[in-house]
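The values are calculated or read from the model by the stated rules, or taken from the named source; none is laboratory data. All figures in this text were calculated on a predicted structure; none of them were measured in a lab. Using ideal geometry, Cβ is built from the backbone for each residue, glycine included, and neighbour counts are taken over all protein chains shown. We work out accessible area using only protein heavy atoms, side chains counted, and drop any ligands, DNA or RNA first. Shrake-Rupley method; radii C 1.70, N 1.55, O 1.52, S 1.80 Å.
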Amino acid sequence: MVLPSSHSRAGAVADLRYSILSLVAQSFRGNTAWRPVWREPEPKPAYDVVIVGGGGHGLSTAYYLAKEHGIGSIAVVEKSWIGSGNVGRNTTVIRSNYLDHANIPFYEWSLKLWEGLEQDINYNAMVSQRGVLMLYHSDAQRDALARRGNAMRLNGVDAELLDRDAVRRLVPILDFDNARFPIHGGLLQPRGGTVRHDAVAWGYARAADSRGVDIIQNCEVTGITVENGRAVAVETTRGKLHARKIGLACAGNSSRVAALAGLRLPIESHVLQAYVSEGIKPLVPNVITFGAGHFYISQSDKGGLIFGGDIDGYNSYAQRGSTPMIEDVMEGGVSLIPTLSRLRMLRSWGGIMDMSMDGSPIIDKTPIEGLYLNAGWCIGGFKATPAAGWCFAHTIARDAPHELNAAFRLDRFAAGHLIDERGAGAQPNLQ
Amino acid sequence: MLLIPCPYCGPRPEIEFRYAGQAHVARAADPSALSDAEWAQFLYLRDNPRGRHAERWRHTNGCGRFFNCIRDTLTDKIAATYRIGETPPDLAAGAEARR
Ligand SMILES: Cc1cc2nc3c(=O)[nH]c(=O)nc-3n(C[C@H](O)[C@H](O)[C@H](O)COP(=O)(O)OP(=O)(O)OC[C@H]3O[C@@H](n4cnc5c(N)ncnc54)[C@H](O)[C@@H]3O)c2cc1C
Ligand SMILES: [Zn+2]
């Protein structure tokens, strides 16, 4: 993997298409001719569009702005290095097994974009459609998942309701006869799976850069200049950048950045943790979610088991988690797969989530002209990366949401059009 | 693990508590007089600072009471806890964490 280097020169990039031929040619040169895969340009004083936040969503937005809407001059400004936020911290699960009519088409479009992504951006993101299996442990849960599966199929999404024997054939190591939470079956989405998260950031960065997008790292936005109700520039640690349009994609820090323009958001920032075990031989063939506690698991190609659970539960910008949640997640894991108790946990880390108040995202214009918002992804925005960028680009370029993100409105909280998929966000204020 | 000083019971481990969001968000005396925007503000809009935050906790597995707490959301340091109805301590003046 070629990492970005501070010595890269403008123009030294983007001439290289990855293929079997390029690999062979490079290997004959002793792999000495690889070049940095994106430029490190100095910020220019003005752009058509400035995207704040170089996570998955910011980078994909810039890419689709250039590709789908032909916008010529775009910058992505990132306060740290790209991929340092949640795009590089998540547990990499992608799926479109939603129930709400606003969510299914959006997440399904995202899954379709994932399916074509590697060809589109000429980058190996290790998209692995190994299946996502949601378990049920009671008749009521089975009925709820059957309903969800039917809603998915009505929207053209793949879903299979499995009984206990079918789940046992798929994943024999689960504790089927657990005294409190016996496994009765599961809802499988075969097209769901995992994607290598850093490769998503790097791949979109390279693809955006090759279309002329300036990716400006170590550049924190510290102010948003609003004149006569219109956002006209961002102030940054590397100078002032004027822009005709400004898009915010600052997952976890959305409240703080929006506050620079005087906006108050229906969002709390919370920490979510992830955990990795020591590497072992193949044990978990797909992504499995426990239906009786907040726990889900998959296995990386290196062999480590990757698992996650709930947010810690109080406002935090600490990017590290608290120990009670570690214990809680391990307990869930051992209830589902008792043999996990024999493993050592290698690492855990945290990322800061925008917890929106109904658990659903926002991709919309704001009351300030020229200022657009992509926020509130809670614990599930990685799978949305392609579609969120695609829809946000549309919203910015056309000054109106696409049909796919029309429900993800900022004003839905005052208008009463909450998206009732999860029923609760940071706090169960819905009553 | 946070060590949270309950104003009634003293310092106890985090697992005895439940978080209850931003403190001092007053419910309007006459909710039906509010506009939709004002009601949404009460229900959904929060300060969400990176730094000192006045927040409510409930000592669910202890005395069961709600109280207020001033915690730094970046360092997790708790500067003070105080009872519901009390005014927030003046931290700038160097008030000590109380119990
Ligand atoms: C532990 C964990 C597990 C998760 N698991 C999954 C999963 O399995 N599946 C799934 O779909 N989702 C998952 N998520 C959620 C997902 O990672 C996020 O919703 C998604 O990555 C957010 O979008 P992003 O990639 O653009 O965010 P980020 O990568 O966080 O990008 C935001 C960027 O904005 C930058 N920024 C902030 N403030 C400023 C500023 N003032 N100026 C300039 N830049 C700024 C930040 O530095 C950051 O790089 C998980 C998250 C975590 C933490
Ligand atoms: Zn108490």
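Just a few scattered comments:
- A:Met126 sits with roughly 80 Å² accessible to a 1.4 Å probe, with DNA, RNA and ligands left out of the calculation.
- Principal axis extents of the Cα atoms in region B:1-45, from largest to smallest and rounded to whole angstrom, are 41, 19, 12.
- The length gained by stretching the chain between A:Asp411 and A:Lys44 to full extension, at 0.36 nm per residue less their Cα-Cα distance, is 128.8 nm.
- Extension gain for B:Leu3-B:Cys63 works out to 20.0 nm (0.36 nm per residue, less the C-alpha to C-alpha distance).
- Computed about its Cα centre, the charge dipole of region A:71-198 is approximately 160 debye, with only Lys, Arg, Asp and Glu carrying charge at their Cβ.
- Heavy-atom accessible area ranking, 1.4 Å probe, most first, across A:Tyr63, A:Tyr98: A:Tyr98, A:Tyr63
- Contact residues in region B:42-58 by the 40 Å² criterion (accessible area, 1.4 Å probe, full protein complex versus chain alone): B:Leu43, B:Tyr44, B:Leu45, B:Arg46, B:Asn48, B:Arg50.
- The B and A chains share an interface that buries close to 2300 Å² of accessible area, total over both sides, probe 1.4 Å.
- Å² of accessible area per residue within the protein assembly as shown, as computed with a 1.4 Å probe and no ligands counted: 44
- Using the Cβ-Cβ distance between A:Glu369 and B:Asp47 with R0 set to 30 Å, the FRET efficiency from 1/(1 + (r/R0)^6) comes to roughly 0.75.
- Dividing the summed -39500 (n - 2.57) terms of all DSSP H runs of n ≥ 4 by the residue count of chain A sets its mean residue ellipticity at 222 nm at -8500 deg cm²/dmol.
- FRET efficiency estimate (nearest 0.05) - Cβ-Cβ, A:Leu346 to A:Arg153, R0 30 angstrom: 0.15
- Relative contact order (percent, whole number), region A:327-423, Cα cutoff 8 Å, 6+ residue spacing: 28
- Separation of region A:256-273 and region A:307-335, taken as the distance between their Cα centroids, equals 21 angstrom.
- Modelled FRET efficiency - R0 25 Å, B:Glu16 with A:Arg320, Cβ distances, 0.05 increments: 0.70
- Interface residues of region A:297-339, defined as those with an accessible-area decrease of at least 20 Å² between the chain by itself and the complete set of protein chains (probe 1.4 Å), are A:Tyr314, A:Asn315, A:Tyr317, A:Ala318, A:Arg320, A:Ser322, A:Thr323, A:Pro324.
- Fluctuation leader among B:Arg58, B:Arg18, B:Arg27 - chain B, Gaussian network, Cα springs under 10 angstrom: B:Arg27
- Protein accessible area in region B:1-81, 1.4 Å probe - carbon and sulfur %: 48
- Chain B - mean residue ellipticity at 222 nm from DSSP helices (-39,500 (n - 2.57) per run, n ≥ 4, rounded to 500): -2500 deg cm²/dmol
- Magnitude of the charge dipole for chain A, about its Cα centre and with charges confined to Cβ atoms of Lys, Arg (+1) and Asp, Glu (-1), is about 920 debye.
- For the protein assembly as shown, cysteines whose Cβ has no other cysteine Cβ within reach (under 4.7 Å): A:Cys219, A:Cys250, A:Cys378, A:Cys391, B:Cys63, B:Cys69
- Cα gyration tensor shape of region A:13-116, rounded if a/c is under 1.5, else prolate or oblate by comparing a/b with b/c: oblate
- Candidate residues B:Asp72, A:Asp177, B:Asp30: accessible-area rank, largest first, probe 1.4 Å: A:Asp177, B:Asp30, B:Asp72
- With the charge dipole of the protein assembly as shown set up from +1 on Lys and Arg Cβ and -1 on Asp and Glu Cβ about the Cα centre, the Cα lying farthest toward the positive end among the listed residues A:Asn286, A:Asn228, A:Val276 is that of A:Val276.
- Dipole axis of the protein assembly as shown (+1 Lys, Arg; -1 Asp, Glu on Cβ), positive-most option in A:Phe28, A:His101, A:Met152: A:Phe28
- Translational diffusion of chain B was estimated from the Stokes-Einstein equation, with Rh taken as the Kirkwood radius over Cα pairs; at 20 °C and 1.002 mPa s the coefficient is 148 µm²/s.
- With Cα atoms, 0 to 90° folded angle of helix A:103-121 axis to chain A main axis: 60
- Normalised by residue number, the volume inside the convex hull of the Cα atoms of the protein assembly as shown is 176 Å³ per residue.
- Modelled this way, with points 7 Å down the Cα-to-C-beta line, the labels at A:Asp177 and A:Lys240 are 7.4 nm from one another.
- Gain in span if fully extended, A:Gln26 to A:Arg264, counting 0.36 nm per residue against the direct Cα distance: 80.5 nm
- Among A:Ala33, A:Ala166, A:Ala318, residue whose mean-square fluctuation peaks in a GNM of chain A (springs only between Cα atoms under 10 Å): A:Ala33
- Placing +1 on the Cβ of every Lys and Arg and -1 on the Cβ of every Asp and Glu, with nothing else charged, gives region A:312-402 a dipole about its Cα centre of roughly 440 debye.
- Region A:14-57: chymotrypsin sites (Phe, Trp or Tyr not before Pro) in DSSP loop, at most 16 other beta carbons within 10 Å: A:Tyr18, A:Trp34
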